[in-house]
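The values are calculated or read from the model by the stated rules, or taken from the named source; none is laboratory data. Since this is a predicted model, take the numbers as computed values, not measurements.
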Amino acid sequence: MFGDDGEVEVYADFEKKKDVVYVLPLFADQIVYPVLYPFAEGEIATCLHNLQLLSVDFKDKPLPHEVDVELPGWVLLCSVEWVWL
């Protein structure tokens, strides 16, 4: 999957075994990825290897417990998802 700003632009269709599906509308100046499907096929082995390693590493890890944190009244918490420069 290739995307921009969290939106998927194109993905490889492994059911048809050749196709790349462009999901943006025609007026959106689509970028053509001519070698995306062979690249995606090559990445399958990497994904399966990583899945095997991570499933072994995280098999017996305990889940994090919720901790009650008491903050002083003057503390301000802020969460930022995206920073645009």
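Some observations on this one:
- Of all residues in the stretch 27-34, at least one satisfies being in a helix (DSSP H, G or I) and modelled with pLDDT of 80 or more.
- The set of residues in the stretch 29-57 that are of a type in the set (Gly, Ala, Ser) and under 16 Å from TYR11 (Cα atoms) comprises ALA40, GLY42.
- Complete set of residues in the stretch 29-76 that are of a type in the set (Phe, Trp, Tyr) and more than 18 Å from the chain's Cα centre (by Cα): TYR33, PHE58, TRP74
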